[in-house]
Amino acid sequence: MSAVASEKTMTINLGPQHPATHGVLRVVLELDGETIIKATPHLGYLHTGIEKTAESKLYYKVIPMTDRMDYLSPMSNNLGFVLAVEKLLGIEVPEKVKFARVLLSEITRLNSHIVWLGTHALDVGAMSMLLYTFRERELIMDVYEAVSGQRMMSTYFRIGGLAYDLPLDFDEKIKKILKIFPEKLKDYERLLSKNRIWIKRLTGIGTLTAEEALDLSLTGPLLRSTGVNYDVRKAQPYSGYEKFDFDVPLGKNGDCYDRYLIRIEEMRQSLKIIKQALDGMPEGPYCADVPGVVLPPKPKVLTEMEALIYHFKIITEGFKVPAGSYYQAIESPKGELGFYMVSDGSAKPYRMRVRPPSFINLQALEPMVRGALVADVITCIGSIDIVLGEVDR
């Protein structure tokens, strides 16, 4: 659909039903020929009301909703929420829980980046990559299914620990990923990094300076592509990240090609963290011992009256959280994901405010595409890596 906006420019809609916008995103483009004068994103087509709905839910019932904000990063979303509530409750989880959460959060980063790589390559014409990346993604889905019983909406992290202990074949599945992924990453680079079409479509496109990125509060690979060294895992370590050795990849040019290189290297760094977490995984319980807040293990529920009563009361009434507020940030695959929780002392959040990286990073689209061609908009949207469920939460 198009309309003449003036004698010299034309206004067209890109989306909201366009496959390359990665969801129901509508971008109104003002064009002079094929050159973009202005780009205005319009949101709200997928508004879920997750933040407001959380105020009517018991704390533990909010966790499944966080899965759905970003369907490619469910465990990262779980982690941000449960850490914020645990801080309000003053709960310290066992070391095994910290290691498992770090390992599975990095598995989630692999999941998000590998889907990004396949779909982004498809956007710019390299269809085979989608088939290869979704083949490797099955290894990650196997891990999700093994620990939680679900391939996508895992809801595996709980306030005070994990939903269940790690399965017996967990180590075997992780070792398979550690063995296969490094070679596959090399294959991806052989296919794309020196491909003339790939280079022409990404190099010098969607360029941002460090000053622009900081002014827009960008985070994640979008910010780091400009050379700014900011990663929440290093700047404000959580869940034991300070114990792990890894590098933060940085770009030089701030363009779409740098973002591709950074996400490839981030996958390598995630594999490095996963190996450390697997090798150093301590023995111990999979949840904290906090009666009245953390569900007792199932065997105890079946054999001990006190455990049965705690289970019943937590499921039906929840648990009260001391009045106060806390902000917890984590480094999700797309950037800084923050949960600001306000408690009035009841069993339900008084307010939950999310800092979503997709929403904030999307505002970079206008400066990225101004002066570029229409075809470059697709490349730029892909390189931001948005999920509309998180934008319209």
### Summary
Of the residues in the stretch 215-246, those that are among the acidic types (Asp, Glu), over 17 Å from the mean Cα position of the chain (by Cα) and under 21 Å from SER358 (Cα atoms) number 1
### Message
Exactly one condition in (1) in a helix (DSSP H, G or I); (2) over 30 Å from ASP376 (Cβ atoms) is false for PRO237; which is it?
### Response
(1)
### Message
Scan the stretch 67-74 and tell me whether some residue there is under 26 Å from GLY292 (Cβ atoms) and open to solvent by less than 60 Å² (accessible area, probe 1.4 Å).
### Response
yes
### Task
Residues being open to solvent by 20 Å² or more (accessible area, probe 1.4 Å), in a helix (DSSP H, G or I) and not aliphatic (A, V, I, L, M): count how many of those fall in the stretch 79-91.
1
### Message
Looking at the stretch 217-239 only, could you name the residues that are open to solvent by less than 10 Å² (accessible area, probe 1.4 Å), β-branched (Val, Ile, Thr) and more than 23 Å from ILE91 (Cβ to Cβ)?
### Response
THR219
### Query
Under the condition of being in a helix (DSSP H, G or I) and among the charged types (D, E, K, R), which residue from the stretch 360-393 is least open to solvent (accessible area, probe 1.4 Å)?
GLU390
### Matching residues, the stretch 345-359, being open to solvent by 10 Å² or more (accessible area, probe 1.4 Å) and in a loop (DSSP other than H, G, I, E, B)
GLY345, SER346, ALA347, LYS348, TYR350
### Query
aliphatic (A, V, I, L, M), in a loop (DSSP other than H, G, I, E, B), out of contact with any His (no Cβ under 9 Å at 6 or more places or on another chain) and in contact (Cβ under 8 Å) with a residue 24 or more places away in the chain - does that describe any residue in the stretch 330-344?
no
## Note on the structure
Of the residues in the stretch 282-335, those that are of a type in the set (Val, Ile, Thr), over 30 Å from ASP385 (Cα atoms) and either within 31 Å of the chain's Cα centre (by Cα) or open to solvent by 30 Å² or more (accessible area, probe 1.4 Å) (or both) come to VAL290, VAL293, VAL294, THR303, ILE309, ILE314, ILE315, THR316, VAL321
### Task
Can you work out which of the residues in the stretch 29-53 that are under 22 Å from the mean Cα position of the chain (by Cα) and charged (D, E, K, R) is surrounded by the fewest Cβ atoms within 10 Å (Cβ to Cβ)?
LYS52
#### Entry: Scope the stretch 325-342; condition in contact with a strand residue (DSSP E or B) (Cβ under 6 Å, 6 or more places away or on another chain) and not acidic (Asp, Glu); matching residues
SER325, TYR326, TYR327, GLN328, ALA329, ILE330, LEU337, GLY338, PHE339, TYR340, MET341, VAL342
### Query
Any residue in the stretch 136-144 that is acidic (Asp, Glu), in a loop (DSSP other than H, G, I, E, B) and open to solvent by 10 Å² or more (accessible area, probe 1.4 Å)?
no
### Message
Please go through the stretch 269-294 and give me each residue that is of a type in the set (Val, Ile, Thr) and more than 15 Å from ILE314 (Cα to Cα), ordered by number.
### Response
ILE273, ILE274
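The values are calculated or read from the model by the stated rules, or taken from the named source; none is laboratory data. Because the structure is a prediction, the values reported are computed rather than measured. FYI the Cβ positions are ideal-geometry reconstructions off the backbone, even for glycines, and counts take in every protein chain you see. Calculation scope for accessible area: heavy atoms of the full protein, side chains included, ligands and nucleic acids excluded. Shrake-Rupley method; radii C 1.70, N 1.55, O 1.52, S 1.80 Å.
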